[in-house]
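What follows is a set of notes on a single structure, which appears directly below.
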Amino acid sequence: MGEPTRALVPAPAPNAAVQPPCAQCHEIKQKRYAAVRQGDRRRAEAMATAMGRHQRAAH
Ligand SMILES: [Zn+2]
């Protein structure tokens, strides 16, 4: 509503660029990345959950 449509700019996740430098966020991200690289989807999902919980608790 009233917002200009910018079809040429694929917007990334809204908070991806605004994420504060948080050590724990970074750690969880690294762990999730490692899990993804190793093909460990369960662990990756667990890390995603941990990230969500951490963000709610600490941010
Ligand atoms: Zn954090």
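Annotations for the structure displayed:
- Restricting the first member to the range 36-55 and to residues that are within 16 Å of Cys25 (Cα to Cα), and the second to residues that are aromatic (Phe, Trp, Tyr) and part of a helix (DSSP H, G or I), the beta-carbon pairs closer than 9 Å and six or more apart or on different chains are Ala44/Tyr33; Met47/Tyr33.
- Scope the range 22-59; condition away from the ligand (no atom under 12 Å from the Cβ) and surrounded by 14 or more Cβ atoms within 10 Å (Cβ to Cβ); matching residues: Lys31, Arg32, Ala35, Val36, Asp40, Arg43, Ala44, Ala46, Met47, Ala48
Rule-based calculations on the coordinates, nothing more; no lab input. Please read all numbers here as calculations on a predicted model, not as lab measurements. Reconstructed Cβ throughout: ideal geometry from the backbone, glycine too, with neighbour counts over all protein chains shown.
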